[in-house]
Structures are given as structure tokens and as C-alpha cells.
Amino acid sequence: MTDTDELLSTVDAEGIARITLNRPQARNALTFAMYERLHGLCVEIDADPAIRAVVIQGAGAKAFAAGTDISQFRAFSTAEDALGYERFMDRVLGALERCRKPTIAAIAGACTGGGAAIAAACDLRIATRDARFGFPIARTLGNCLSQGNLRRLSALIGPARVTDMIFTARLVEAEEARAIGLVSEVVEDAAALEARATDLARLLAGHAPLTLAATKEGLRRLRDEASSDGGDDLILQCYTSADFREGMEAFLAKRPPRWSGR
């Protein structure tokens, strides 16, 4: 596997792959190139019989990933830009979700937006006590989640909690995340997180790979059968609005957005 500076990958002698989102100066916010590389790594890992488990983490202790780099949206000018972005994201997250190897999101600090979507697409999530999760888009950008992302989140924590998270735009703290099933374990700090993620990956690497792969795929099929509407109209309603443009510019200017409902 090859690396870029902003997304690093390693495989150890026990067959554990580790993917690191490596933009700590930007709280590991993802560029489109990072998403594309993540997609490529998922495909490579899926095809490599020597790899038995995957850990995804953020560089540093302040963030797993603070979503998509907002400056990437400034080039959006057409309806197809909006639809293309969400299709692109569904392709990336779909590759992660469909990877037959067990995946673990090791979460320290902020895990928001696209970062939270990546974590939700993993099989298991463990977090530090200072981890925070959420999709504060109703307060910041004024965009929306795709049907695929809503499906994953609803399968994890239920529609009512998804509604609460998005409507209030609040960030869920680690202990609440464990209580509602968003994460399975909470550890003290980044050092404990790395150790626990490695131990858990070793455990999974020693289990029957066909059992794990069949369970993953069976659960994915159950989730997919419950969602047939692509939701393009909802994506266009948000991404082509004046409010989305206002939210993006306000975020980059570090000022509150002035919503108009248009």
C-alpha cells in the first residue's frame, strides 16, 4: 500500500492494517483527495488475504476527524456538484462498510461531520473520555446527510437520537455515546486508546474471517433493504440553497451564519 502525507497506512506482522488521518493542524479535516485515498485503501485491504483487521485513527489527540475541509465546497456552483459530492461520499463510505475485514474506529477528541460518518461506517468504535461526536450542520453549514449516512446512524442509535443530534446540533460526549450504543468502549486517553485498539484488532484477527465477513455483509444487507429512496431532492434542496453558501462563508470567516430559509 502506498501513502500520501495526509493519509498514512501501515500493516504489521500480525496482519493488522492501521490507517491514520494525518492533518492534525486542521483537526484531521479531510480533503477530497484523502477521501479518495481512503476508498483506495479499503479496496486494497479487502483484496489482501494477509490483512485480518483494520484500525482507523486520527493523528494527534485533539481529533479523529473534524469532517470535510470546508474550503473544498467553495467550487460548488451547480446541482450536479452537490449530487456528485454525496455520491462520492457514499462510494467512499460504502467501500469502508463493504470491506470484509473487521474495522475499528479509534476515536480521540472531535469526531464530527465526515469524520463521524467514517466512524459510523466502521464495525466497532472505541473512544477516549474527551471524545465528542456529532453533525452540527444545522448550526454551521446548512447542508444535510445522505440517505446512506442516515441509514447507518439510525441503525446504530435509532431515528429519535439521530433527530436529536442533528436538530440540536449538539456534540455527544463519550459516556453518552457509550450509553446509546454509538461507541462500545471508553478509555482514559490517547495512549490507552492506541493500546486497546491494537488489542481489539489482534482479537478480531484471530477469529474466523468468514464468520466476521458473513456477519458484516448480512447486517449491511438488512440495513440496505430498509432504504430505497436516494433522497436526491433533499440533497439539492440544501446544497443549492443560499443558506448553504452563507453557512460555508460564515464558517470560513468564523462568524455566525445568517439563515434565510432559501
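Nothing in this text is a laboratory measurement; each read-out follows from the coordinates by a stated rule. All of these numbers come straight from a predicted model, not from anything done at the bench. Please note: Cβ atoms are built from the backbone with ideal geometry, for glycine as well, and neighbour counts cover all protein chains shown.
General remarks:
- Distances between placed amide hydrogens fall under 5 Å for I107 paired with I126, A127, T128, all partners being 5 or more residues away or on another chain.
- Radius of gyration and Dmax over the Cα atoms of the range 7-190, both given in Å: 15.5, 47
- Extension gain from A208 to R74, taking 0.36 nm per residue of separation minus the Cα-Cα distance: 43.6 nm
- Taking every DSSP bridge with both residues inside the chain, close to 25 percent are antiparallel.
- Residues R262 and F88, FRET efficiency given R0 of 22 Å [Cβ-Cβ distance, rounded to 0.05]: 0.25
- Magnitude of the charge dipole, the chain, Cβ model with Lys/Arg +1 and Asp/Glu -1, debye to 20: 420 debye
- Given charges at Cβ of Lys, Arg, Asp, Glu: the chain dipole, positive-most of H39, L219, A95: L219
- Angle between the chain longest axis and helix 79-98 axis [Cα atoms, degrees, rounded to 10]: 20 degrees
- Potential extension, E194-R221 segment - 0.36 nm per residue separation minus Cα distance: 6.6 nm
- Between E249 and F167, the modelled labels are 3.1 nm apart [label points 7 Å from Cα along Cα→Cβ].
- Residue among D90, D189, D12 with the largest mean-square fluctuation in a Gaussian network model of the chain, springs linking Cα atoms under 10 Å: D12
- Across the range 50-56, computed HN-Hα scalar couplings (Karplus, 6.51 cos²θ - 1.76 cosθ + 1.60, θ = phi - 60°) run 6, 8, 10, 7, 10, 10, 10 Hz from first to last residue, x flagging Gly and Pro.
- Under a Gaussian network description of the chain, with springs only between Cα atoms under 10 Å, the residue in G148, G158, G109 that fluctuates furthest is G158.
- 3J(HN,Hα) couplings calculated from phi for the range 119-125 with the Karplus curve 6.51 cos²θ - 1.76 cosθ + 1.60 (θ = phi - 60°) are, in sequence order, 4, 5, 7, 7, 7, 10, 10 Hz; Gly and Pro show x.
- Axis of helix 190-205 versus longest Cα principal axis of the chain: the two differ by about 60°, to the nearest ten degrees.
- Note on L236/A13: beta-carbon distance plugged into 1/(1 + (r/R0)^6) with R0 of 41 Å gives a FRET efficiency of 0.25.
- Label separation (D5 vs Q25): 0.8 nm, computed from points 7 Å beyond Cα along the C-beta direction.
- Cα gyration tensor, the range 81-168 - rounded (a/c under 1.5), prolate or oblate: oblate
- Top of A205, A59, A213 by mean-square fluctuation, Gaussian network on the chain, Cα under 10 Å: A213
- Short-range pairs are left out: with C-alpha atoms under 8 Å and at least six residues apart, the relative contact order of the chain is 20 percent.
- Angle between the chain longest axis and helix 32-47 axis [Cα atoms, degrees, rounded to 10]: 30 degrees
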